[in-house]
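For reference, the structure is listed below as structure tokens.
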Amino acid sequence: MNTKAVLTGMLLIAAAWAHPIDAAAQAVGGVENARPVQGDPGMKTMRVFDTPQFYVMRDYAEPGAVRRMHNHAGTIWHVFVLVTGQLQLTVEGEPIQDVKQGDVLSLKGAANHTFKNTGAVTATIVEVFGKTPAAAGGAEVIAAALAAAAVPR
């Protein structure tokens, strides 16, 4: 795992988290700019940051909304942060988890998962994904990274 990419992703999560949240826990971060998720009523999503090593998504789930079972192909790690609201998260092969505002979860990259907003307000989710080396730029990028990391003899 690329430590620099993970640290950068964590900093982005911290920045998203630092946004003031009122006691009513309403959606934050530009829900008006998110696009509806086709086939999942009450769900909206937007890509807010993208690099060759990782990307960041912000999702919004209206009360009662369900995000169908899905995965994020081409990812090697997945950090799931619930900024506002409450959810039930199911990761294929694992028990259902109740997720509350402020929880940070680590999911396997490309893991099949689904979630449902079980609260009374719109949930705001920030997700950070590490890209597989091939998705991060192909063999040339991998070769350059290995060469840069090589220890001189």
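Worth a mention:
- Here V81 fulfils each of the conditions (1) surrounded by fewer than 20 Cβ atoms within 10 Å (Cβ to Cβ); (2) under 16 Å from the mean Cα position of the chain (by Cα); (3) modelled with pLDDT of 95 or more; (4) assigned to a strand (DSSP E or B) apart from (1).
- Restricting attention to the stretch 56-76, the residues that are buried (at least 20 other Cβ atoms within 10 Å of the Cβ) and within 22 Å of K131 (Cβ to Cβ) total 5.
- Any hit, the stretch 108-122, residues being hydroxyl-bearing (S, T, Y), farther than 20 Å from V28 by Cα, touching a residue at least 24 places away in the same chain (Cβ under 8 Å) and not in a strand (DSSP E or B): no
- If the condition is being of a type in the set (A, V, I, L, M) and surrounded by fewer than 19 Cβ atoms within 10 Å (Cβ to Cβ), then the stretch 30-55 contributes V31, V37, M46, V48.
- Any hit, the stretch 60-76, residues being assigned to a strand (DSSP E or B), at pLDDT 95 or above and of a type in the set (F, W, Y): yes
The values are calculated or read from the model by the stated rules, or taken from the named source; none is laboratory data. Just so it is clear, the structure is predicted and the values come from calculations on it, not from any experiment. Neighbour counts are summed over all protein chains in view; Cβ atoms, including those assigned to glycine, are modelled from backbone coordinates with ideal geometry.
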